[in-house]
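The values are calculated or read from the model by the stated rules, or taken from the named source; none is laboratory data. Fair warning: this is a prediction, and the values are worked out from it, not measured in the lab. No Cβ is skipped: glycine too gets one built from the backbone with ideal geometry, and neighbour counts run over all protein chains shown.
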Amino acid sequence: MDNLMAVILAAGEGKRMKSKKSKMLHRLCGKTFIERIYSAAKDSGINDCILVVGHKADQVIEYMGDKVKYVEQKEQLGTGHAVMQAQSYFENFDGYVVILCGDTPLITSDTIKKTIEYHKEKGNAATVITAEIENPYGYGRIVRDDRGNVVKIVEQRDATEEEKNIREINSGLYCFTARELAEALKGLDNNNDQGEYYLTDTIQILIKKGLKVGALKTDPDEVMGINDRVQLAEASNILRKKIAEKHMRSGVTIIDPSAVYIDEDIEIGIDTVIYPGTILEGNTKIGENCVIGPNTRLINAKIGNDTEVISSVIIDSSVGNETRVGPFAYIRPECTIGNNVKIGDFVEIKKSTIGNNTKIPHLAYVGDSSIGNRVNIACGVVTVNYDGKNKHRTIVSDDAFIGCNVNLVAPVTIEENAYIAAGSTINENVPANSLAIARQRQIVKEDYVKLNNMKK
């Protein structure tokens, strides 16, 4: 859409969050508040975004970078005053200005787009985004005339008993014709109990000028304000439900949607089953016909088709097709796990590649290693990758067999089809097709206990 601008109000202190970071940088299903608002504006067709910053402005600016333009509200003198700080951007702008609040991160691009279209279609000077809620106490009420035009926005404290019964409330989100907004802002004053400039007063100014003000209802969930951690949890529940429904309608089975946490950008293939206690974060992508969970956490993980991940953690790594991970496995960043691999219970893998058809069934640590195809790594195997100063790499070639309780002291290479006897500590390369034994010969001293009077 042409001639569109968004002014995003993000200067508030957010005291009730009780946080050292800006409220705008708190996350909701994987995305910060400000990221959600900005994305909704951009996806609706708005290219020019002005961000009004104030408290902890440096944090917000560092996070958003040069994606937006910035103005500072040095004193917190109300919503009208906040918009005034951006006035130089739109006072000579021949188009439309959308006012968004940084603490309403559930607003969608679809609603913003519909509001703009409605605003143009009706020839409004201003359009208010509203919602109808069961308990409107504390909210400004939308008073309409018989034709549906907005007559006024009345605050709770100023409302008559009849007006208090109105359930349509002001969201604090608007679309203005730019020139009318600029003129209306000139008429604002702070002659009120709070000594603040209210943006809602611009609506009354426009109505008194005989200009048309409309209102467009949307889903109440979209205009929910988040001011503390309780409201953050409530908003998360709302969004989590929507995300889960989207996946289920796309062919994913989620056993208990209330017991999973799925970030918004997660991709899941059809016929995959998600069990309770599963957390999917970041840019995680899961293939088709997988089983994930219970009690599994995937962060920026790539999972192939027909793969199971049970009671395990995978971070910044990829897992191939027809592979089984867990239970209780930990795959740390920078790992690539091949196809038809078994990563069993209490196995930890770090910064390693695991080839196809390889098995690491239990109780092993593989770090800074390249493991080939069809390798067997038995119980208790450790790649000893750290000498106290530097990390070193272990290479295990195709078809090798590593017995129980083996230490592979890096840097070391085990060549193709080599066997390492159980209990060995290997610190030299092992050639192909050989057997390496590195353990002390067993000694048996008969009658040792009796001769040394050790029997209890």
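Just one residue in the set ILE371, ILE343, ILE310 is surrounded by fewer than 20 Cβ atoms within 10 Å (Cβ to Cβ) and among the β-branched types (Val, Ile, Thr); that residue is ILE310. Residues in segment 270-282 that are assigned to a loop (DSSP other than H, G, I, E, B) and either crowded, with 19+ Cβ neighbours inside 10 Å or not assigned by TED's automatic domain parsing to the domain that holds ARG297 (or both): THR272, TYR275, THR278.
Pairs meeting the criteria (first residue in segment 74-88 and of a type in the set (D, E, K, R), second residue not in a helix (DSSP H, G or I), beta carbons under 8 Å, at least 6 apart or on different chains) are LYS74/GLY54.
Of the residues making up segment 173-187, those that are within 39 Å of the chain's Cα centre (by Cα) and not in a strand (DSSP E or B) are ALA178, ARG179, GLU180, LEU181, ALA182, ALA184, LEU185. Of the strands (runs of 3 or more DSSP E) lying entirely inside segment 370-456, those containing at least 2 residues that are under 25 Å from THR353 (Cβ atoms) and among the β-branched types (Val, Ile, Thr) span 382-384, 394-396, 412-414.
Residues of segment 14-34 being within 19 Å of ASN237 (Cα to Cα) and of a type outside the set (A, V, I, L, M, F, W, C), which ones? Of everything in segment 14-34, those that are within 19 Å of ASN237 (Cα to Cα) and of a type outside the set (A, V, I, L, M, F, W, C) turn out to be LYS23, HIS26, ARG27, GLY30, LYS31, THR32. Would a scan of segment 65-80 turn up a residue that is assigned by TED's automatic domain parsing to the domain that holds LYS186, in contact with a helix residue (DSSP H, G or I) (Cβ under 8 Å, 6 or more places away or on another chain), at pLDDT 95 or above and closer than 28 Å to ARG297 by Cα? No, segment 65-80 contains no residue that is assigned by TED's automatic domain parsing to the domain that holds LYS186, in contact with a helix residue (DSSP H, G or I) (Cβ under 8 Å, 6 or more places away or on another chain), at pLDDT 95 or above and closer than 28 Å to ARG297 by Cα. Number of residues in segment 191-219 that are in a helix (DSSP H, G or I) and either among the aromatic types (Phe, Trp, Tyr) or surrounded by fewer than 18 Cβ atoms within 10 Å (Cβ to Cβ) (or both): the value is 1. Has segment 241-260 got at least one residue that is under 19 Å from the mean Cα position of the chain (by Cα), at pLDDT 95 or above, surrounded by fewer than 16 Cβ atoms within 10 Å (Cβ to Cβ) and in a loop (DSSP other than H, G, I, E, B)? Looking through segment 241-260, none of the residues is under 19 Å from the mean Cα position of the chain (by Cα), at pLDDT 95 or above, surrounded by fewer than 16 Cβ atoms within 10 Å (Cβ to Cβ) and in a loop (DSSP other than H, G, I, E, B).
What's the number of the only condition in (1) more than 23 Å from CYS335 (Cα to Cα); (2) among the polar types (S, T, N, Q); (3) crowded, with 17+ Cβ neighbours inside 10 Å that THR383 fails to meet? Here THR383 meets the rest and fails (1).
Within segment 131-138, identify whether any single residue is of a type in the set (D, E, K, R) and over 24 Å from GLU163 (Cα atoms), and answer yes or no. Even if it seems obvious, please write down each step before you answer.
If we filter segment 131-138 for residues that are of a type in the set (D, E, K, R), which is where we start, we get 132, 134.
From what is left, the residues that are over 24 Å from GLU163 (Cα atoms) are none.
No; the residues of segment 131-138 include none that is of a type in the set (D, E, K, R) and over 24 Å from GLU163 (Cα atoms).
Every residue, every condition in (1) within 24 Å of GLU91 (Cα to Cα); (2) in contact (Cβ under 8 Å) with a residue 12 or more places away in the chain, yes or no:
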{"position": "SER109", "(1), (2)": "no, yes"}
{"position": "GLY123", "(1), (2)": "yes, yes"}
{"position": "VAL128", "(1), (2)": "yes, yes"}
{"position": "GLY138", "(1), (2)": "no, yes"}
{"position": "ASP158", "(1), (2)": "no, no"}
{"position": "LEU181", "(1), (2)": "yes, yes"}
{"position": "THR200", "(1), (2)": "yes, yes"}
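Just to be sure, is MET5 part of a helix (DSSP H, G or I) and of a type in the set (A, V, I, L, M)? Spelling it out, it is not the case that MET5 is part of a helix (DSSP H, G or I) and of a type in the set (A, V, I, L, M).
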